[in-house]
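> Mind having a look at this structure? Questions to follow.
We did not get these values from a lab; they are worked out from the coordinates using the rules stated. Note that the coordinates shown come from a computational prediction; the quantities given were computed from them, not determined experimentally. A quick note on method: Cβ atoms are made from the backbone with ideal geometry, for glycine too, and the neighbour counts reach across all protein chains shown.
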């Protein structure tokens, strides 16, 4: 499954099979850009600042974020050194058009040292997972053999589950959490602060279950059929991610529901300003897109927001009333 998803993003038309926040409304990226400018102030206005995005897609989120931040915080914009972590040549070519002057990396481990503000929207859910199943005789791990799943005996995973239950472990996500924790914990003196913001979907607390899904042409598909032609995703284990970052010395805020986070940051006020002077149909479309981001029956409840930060920083906007 790991190789299949890597091939999906490296070949063909490597776009998410479902609409992501930046594609639904420009306000999504704008709000995050304004949030980033505010956090830069909280960080002590470091100059230069590494502004990093993991998995930037078409570059829409960062384009909207920079446009909004430039209008209200030109000093923030001038302090930025933009770094994008992207493996797909096709997506890089699109990003180069929207985000000229950025530096590209194939892996987050290539990000240089320095004060950093990192954004990752729907990045963690695309990372490969391992699935462990508790059977009457002990634990097994699920593998792909041909076009079917097989199970082999395995050591117990980090969490327990009832008989027949599945525990999913995303090792690349835990590695990222640990690395960020170590990087940010090394800034206790306040000289090189760092903040990373993750927006993704999944429950706030770890829970057993099979969350692996595949989408092809916008519809649910068999994850084993035609490897490399479908978008494979799984729920993010926010609790495990947070625990790893804290264990390595970072502070963690959240997760909070995406709808609550965006509403606290003024999404509807921003929508109201955008709608002024527009036709009734256009104003209604803007509001409908914004509601999709925040309402519980849209993305507002399932999607969560979490921040990992240096331990010496004040509370971050959006995570406290």
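> Evaluate Rg over Rh across the range 119-213, taking Cα atoms for both radii and Kirkwood's formula for Rh.
Answer for the range 119-213: 1.08.
> Could you work out Rg/(2.2 N^0.38 Å) for the range 194-321, with Rg from alpha carbons only? Show your work: numbers first, answer last.
Working: Rg = 17.9 Å, N = 128, 2.2 N^0.38 = 13.9 Å.
Relative to the 2.2 N^0.38 Å estimate, the range 194-321 comes out at 1.29.
> Would you order 47, 222, 231 from fewest to most other beta-carbon atoms within 10 Å of each residue's own beta-carbon?
The order, fewest Cβ neighbours first, is 222, 47, 231.
> Can you give the percent of C-alpha pairs in the range 258-305 whose distance is more than 16 Å? Display every interim value, and only then the final one.
Working: 420 of 1128 pairs.
Every Cα pair in the range 258-305 considered, those over 16 Å come to 37 percent.
> Then there's this: As an exercise, find the ratio Rg/Rh for the chain from alpha-carbon atoms, using the Kirkwood inverse-distance average for Rh. Don't jump to the answer; show the numbers that get you there.
Numbers: Rg = 19.9 Å, Rh = 20.5 Å.
Over the Cα atoms of the chain, Rg/Rh equals 0.97.
> Mind telling me which of 169, 97, 195 comes out most flexible in a GNM of the chain, alpha-carbon contacts under 10 Å?
Looking only at 169, 97, 195, the largest GNM fluctuation is found for 97.
> If the elastic network links every pair of Cα atoms under 10 Å, which of 220, 296, 255 fluctuates the most in the Gaussian network model of the chain?
Result: 220 has the largest fluctuation of those listed.
> Once the range 237-285 is represented by equal point scatterers at the alpha-carbon sites, with solvent omitted, what log10 I(q)/I(0) does the Debye formula produce at q = 0.12, 0.16, 0.19, 0.21 Å⁻¹?
Rounded to two decimals, the profile gives -0.48, -0.62, -0.70, -0.77.
> Also, quick follow-up: When the chain is modelled as a GNM with alpha-carbon springs shorter than 10 Å, which of 44, 202, 29 fluctuates the most?
Highest fluctuation of the listed residues: 44.
> If the range 55-140 were replaced by its equivalent ellipsoid, with semi-axes equal to the square roots of 5 times the Cα gyration tensor eigenvalues, what would those be, largest first, whole Å? Mind dumping the intermediate values first?
Values: eigenvalues 239, 44, 33 Å².
In descending order, the three semi-axes are 35, 15, 13 Å.
> I'd like the antiparallel share, as a percent to the nearest 5, of DSSP beta bridges with both residues in the chain. Before the final figure, lay out each step's value.
Working: 32 of 51 bridges.
Taking every DSSP beta bridge within the chain, about 65 percent pair in antiparallel fashion.
> Taking a cut-off of 19 Å, what percent of all Cα-Cα pairs in the range 163-222 are separated by more than that? Display every interim value, and only then the final one.
Details: 978 of 1770 pairs.
Across the range 163-222, Cα pairs with separations above 19 Å total 55 percent.
> Using 0.36 nm times the number of residues separating residue 140 and residue 106, minus their current alpha carbon distance, what extension gain do you get?
Full extension from residue 140 to residue 106 adds 9.0 nm.
> Could you work out the helix-only [θ] at 222 nm for the chain, with each DSSP H run of four or more residues adding -39,500 (n - 2.57) and the total divided by the number of residues, to the nearest 500 deg cm²/dmol?
Numbers: 11 runs with 115 residues, N = 321.
When only DSSP H runs of four or more count, the value is -10500 deg cm²/dmol.
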